[in-house]
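The values are calculated or read from the model by the stated rules, or taken from the named source; none is laboratory data. Small disclaimer: the values here were computed from a predicted structure and weren't measured. Note that each Cβ is placed from the backbone with ideal geometry, even for glycine, and that neighbours are counted across all protein chains shown.
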Amino acid sequence: MTDSRPDESQLISEAVAYAAGLDASAVRRELSAPQGPHRWPRHRLNEVDLEWRRWRLRRWLAADEDPPGSIKLFERLAVAAGMPPAATAPLATEVGGALTTLSYDEMFPQGPLIAKAMQARVVRQVAARETDEQYAAMMLASTRRREDYLRKLPDDTWWMIGDLISEATRRACVAEIATLPASAGAAYDGGLSPGWDKEHDALVSRSCNAYLGAGPTLVAIHEDPALVAQISARMGRRMYPTRCTYLEYRPGDFLGVHTDQPTCEVSLLFTVDGEPGPMRSYFDRTATGPAALHRWVHDNGQFPDGGRDFVYRPREGFALTGRAVPHARLPQQESAFIGALFYSGLV
Ligand SMILES: [Fe+2]
């Protein structure tokens, strides 16, 4: 007698196609309406949208998980707008159980895009009460996720885009920055203790620079279908715009060595104005595990020697798989404005 269980990878491919094909435009309009009750910012809309698709994908495969409130709201609005409710593939009844053996973390090792999902996946402990055994178990889980994630990446972990924007667009970006509210500068919330963050599967350290937000010009570059298609082709899977911002660096500002959050699998950076110093990428540390990265930062500080420095000229884009590759920006000599565009995958 042969095993009648269907091929899992084939089922997952079908579920991914189903989830990617859902039309959430009505929900997005409602959640972002300026006069509406929700008024979600664009990055939240993008990230919950992707996370809702992941939840639908897993529901289709009969993996039944209770989603955070933001996903429940997204689902409720989708159904109210006429979409059939989340469903499970009929095959699941025949087979009698989930159609996938993969956990959420095994299916999406890049990590959840919204904080509530992140917190649900890791049982949070107050650090002081964390036992050695708990710490070791969480580090092991984080290490496995990073290993799984690295296997998803292409061989080329960075690339340059020669003519990312025209000179006219660059000038439009300069004009747009002038319309944004002045920021006193905010430290990246990576925390004050450089090292491995096992909850976010990321290397964190200190930074000092200003996040200025975005306007329609930057958003249009971010969402340009040809650009998104190019990034997806490079990554070997469909990528989605998540968030974008202008960054201001004043003399002395810096970004300590770190790896990016799940919402920034790919960073695409370009100079809008000024003279930014080099962006340093430690490609030879990409395959390094969390425990060794933790020690590396402790022993060498947040600007370790080595790495490769990139200076990108105006109109030129530098794309980096920053969730994998540790990177830093050394203390700046001059003022500069940078455009930063971030992308992540559904799977
Ligand atoms: Fe980064």
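What to note about this one:
- Pick from region 319-340, criterion away from the ligand (no atom under 12 Å from the Cβ) and in contact with a Gly (Cβ under 7 Å, 6 or more places away or on another chain), ranking: nearest to TYR149 (Cα to Cα): LEU330
- Of all the listed residues (GLN35, GLN10), the sole one being surrounded by fewer than 13 Cβ atoms within 10 Å (Cβ to Cβ), in a helix (DSSP H, G or I) and over 22 Å from the mean Cα position of the chain (by Cα) is GLN10.
- Taking region 293-326 as the range and being of a type in the set (A, V, I, L, M, F, W, C) and surrounded by 13 or more Cβ atoms within 10 Å (Cβ to Cβ) as the test, the residues that pass are LEU293, TRP296, VAL297, PHE303, PHE310, PHE318, ALA319, LEU320, ALA324, VAL325.
- Candidates in region 213-246 are the residues that are in a strand (DSSP E or B) and either charged (D, E, K, R) or surrounded by fewer than 20 Cβ atoms within 10 Å (Cβ to Cβ) (or both); of these, the one that is farthest from the chain's Cα centre (by Cα) is GLY213.
- Flag if LEU255 is within 21 Å of the chain's Cα centre (by Cα), in the same structural domain as ALA336 (by TED's automatic domain parsing) and within 16 Å of the ligand (Cβ to nearest atom): yes
- Within region 130-177, the set of residues being farther than 30 Å from VAL347 by Cα and at pLDDT below 95 comprises GLU130, THR131, ASP132, GLU133.
- Pairs linking a residue in region 252-263 that is farther than 15 Å from PRO109 by Cα to a residue that is within 11 Å of the ligand (Cβ to nearest atom) and in a loop (DSSP other than H, G, I, E, B), with Cβ atoms under 6 Å and 6 or more positions apart or on different chains, are GLY256/SER205; VAL257/SER205; VAL257/PRO326; HIS258/GLY190; HIS258/SER205.
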